[in-house]
């Protein structure tokens, strides 16, 4: 992977030992004049990026103004979700636009999934080393 930046897995519940480590990516989210620094779980099994309600409010999204509804599945199926767009800055890479399912759920982590984080970035997991590497998608030449 060219121009990859490496990150360490973060420990969750210490009582679980090595099984508690997860790939959380630090990055910055930008929407209009608001920005936040956050960490998101990289989830290759998630179909979409998921933005918890509180982070959406912090970015100053207005729930009533978001008119594109989205149905989530699994643990989040019971919650309403709306589609929102935000710029994301990962490491030293150029900003990219990400699409999020902004959910009313409050007990969910910020999740980066297939649509569209893994469409914009290549990720290589080195689980035995408790590390992962991220690089922007390769542009066709």
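Some points to look at:
- Taking the range 19-41 as the range and being within 19 Å of residue 124 (Cα to Cα) and in contact (Cβ under 8 Å) with a residue 12 or more places away in the chain as the test, the residues that pass are 21, 22, 23, 24, 25, 26, 27, 39, 40, 41.
- Total residues in the range 44-57, condition over 21 Å from residue 120 (Cβ atoms) and either surrounded by 16 or more Cβ atoms within 10 Å (Cβ to Cβ) or without any contact (Cβ under 8 Å) to a residue 24 or more places away in the chain (or both): 2
- When each of 110, 98 is tested for being under 19 Å from residue 10 (Cα atoms) and under 12 Å from the mean Cα position of the chain (by Cα), the lone residue that passes is 110.
- Scan of the range 11-24 for residues that are part of a strand (DSSP E or B) and touching a helix residue (DSSP H, G or I) at 6+ places or on another chain (Cβ under 9 Å), ordered by number: 11, 21
- Among the residues of the range 58-85, the one identified as under 22 Å from residue 23 (Cα atoms) and either touching a helix residue (DSSP H, G or I) at 6+ places or on another chain (Cβ under 6 Å) or surrounded by 11 or more Cβ atoms within 10 Å (Cβ to Cβ) (or both) is 76.
- Selection from the range 86-141 of residues that are touching a helix residue (DSSP H, G or I) at 6+ places or on another chain (Cβ under 8 Å), surrounded by fewer than 13 Cβ atoms within 10 Å (Cβ to Cβ) and under 24 Å from residue 53 (Cβ atoms): 106
- Filter pass, residue 13 being exposed (fewer than 11 other Cβ atoms within 10 Å of the Cβ), over 30 Å from residue 127 (Cα atoms) and free of Cβ contacts under 8 Å to residues at least 12 places away in the same chain: no
No value in this document is a laboratory result; all are computed from the given coordinates. Source: prediction; values computed, not measured. Every residue, glycine as well, gets a Cβ built from its backbone with ideal geometry; the counts of neighbours run over all protein chains shown.
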